[in-house]
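The values are calculated or read from the model by the stated rules, or taken from the named source; none is laboratory data. Since the structure is predicted, the reported quantities are computational estimates derived from the model, not experimental observations. Glycine gets a Cβ as well: all are built from the backbone with ideal geometry, and neighbour counts include every protein chain shown. These accessible areas exclude ligands, DNA and RNA; they are computed on the full protein's heavy atoms, side chains included. Shrake-Rupley method; radii C 1.70, N 1.55, O 1.52, S 1.80 Å.
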Amino acid sequence: MTSTGVDIVELDRIAVYESLRLVGLARGTDWERDTPCAGWTLRRLVAHMAAQHHGFAAAARGAGHETAYWREPQDMSDPERTYRGAATAVLAAFAEPGVTGGEFVLPEIRDGGAFPGGMALGFHFVDYVVHAWDVAATLGVGLELPDHVLGPPWP
């Protein structure tokens, strides 16, 4: 909980669940569709999203400096299953007591700098609102996030 009463873990969970719903809508040739992310197909976007989930889960456990966790999965033959596993891992890591009070090493930001847990979760949250929108736009469906998720009162 932030000083303004925003529960960033809950907001992030809602955004991740919406991304799961949207990824679950993709079928067959949808995986080869171009996304709003220049040069990326939906399959590549979902691989990136899975890598970020694994990386943030590792960072929550104190292993964010280990670059192996940040690599995109090599086997993307079943993107939905791969993504679901990664999302499950990050949601479990973020549900651990005290996660917002910890320190996250994020190698892609400030040359692997360390960030307070609440701030790192904020980065992840924003990323998954945006990536959920990317998936929705790719599939031509609506993004279904409550108003309080899209416009939280930040400290």
Per residue of the chain, what 222 nm ellipticity follows from adding -39500 (n - 2.57) for every DSSP H run with n ≥ 4, rounded to the nearest 500?
-16500 deg cm²/dmol
Name the most mobile residue of 53, 131, 65, meaning the one with the largest mean-square fluctuation, in a Gaussian network model of the chain with Cα contacts below 10 Å.
65
Sorted peptide list for 122-128, 6-12, criterion being average Cβ within 10 angstrom, highest first:
122-128, 6-12
If one compares the long axis through the Cα atoms of helix 117-139 with the longest principal axis of the Cα atoms of the chain, the angle in degrees, nearest 10, works out at 10
In degrees, nearest ten, helix 8-23 long axis to first principal axis of the chain (Cα)
10
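Determine the dipole magnitude for segment 34-111: charges of +1 sit on the beta-carbon of Lys and Arg, -1 on that of Asp and Glu, nothing else is charged, the reference point is the Cα centre, and the result goes in debye to the nearest 20. Spell out each step's value before the answer.
Values: 7 positive and 10 negative charges, 20 e Å.
Rounded to the nearest 20 debye, it is 100 debye.
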Please determine, in degrees from 0 to 90 and to the nearest 10, the orientation of helix 42-60 with respect to the longest principal axis defined by the Cα atoms of the chain, where the helix direction is its Cα long axis.
20
Just how far, in whole angstrom, is segment 45-61 from segment 83-138 if you go by their alpha carbon centroids?
7
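Indicate the gyration tensor shape class of the chain (rounded, prolate or oblate), computed on the Cα atoms with a ≥ b ≥ c the square roots of the eigenvalues: a/c under 1.5 is rounded; otherwise a/b larger than b/c is prolate and the rest oblate.
Working: a/c = 1.99, a/b = 1.32, b/c = 1.51.
Oblate shape, in that a/c is at least 1.5 and b/c is the bigger or equal ratio.
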Please report, as a whole percent, how much of the solvent-accessible surface of segment 27-106 comes from carbon and sulfur atoms (probe radius 1.4 Å).
50
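Take the alpha carbon gyration tensor of segment 66-155, find the square roots of its eigenvalues, order them as a ≥ b ≥ c, and report rounded if a/c is under 1.5; if not, report prolate when a/b exceeds b/c, else oblate. Kindly include the intermediate steps, with their values, before the conclusion.
On the way: a/c = 1.79, a/b = 1.13, b/c = 1.59.
Oblate shape, in that a/c is at least 1.5 and b/c is the bigger or equal ratio.
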Pull out a ≥ b ≥ c, the square roots of the eigenvalues of the alpha-carbon gyration tensor of segment 49-104, then state rounded if a/c is under 1.5, prolate if not and a/b is larger than b/c, and oblate in the remaining case.
oblate
Put a dot 7 Å past each Cα toward the Cβ at residue 75 and residue 34; how far apart are the dots in nm?
3.2
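What is the local net charge at residue 132, summed over the other residues whose Cβ is closer than 10 Å to its Cβ (Lys, Arg +1; Asp, Glu -1)? If you can, show how the numbers build up before the last one.
Working: positive: 21; negative: 18, 127, 134, 144.
It works out to a net charge of -3.
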When the scattering of segment 97-149 is computed by the Debye formula from its Cα atoms alone, each counted once and equally, what is log10 I(q)/I(0) at q = 0.16, 0.27, 0.30, 0.31 Å⁻¹?
-0.61, -0.97, -1.08, -1.12
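Percent relative contact order of the chain, based on C-alpha pairs within less than 8 angstrom and at least six residues apart? Write down the numbers at each step before the final one.
On the way: 213 pairs, mean separation 53.2, N = 155.
Dividing the mean separation by the residue count of the chain yields 34 percent.
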Å² per residue, accessible surface of the chain at 1.4 Å:
49
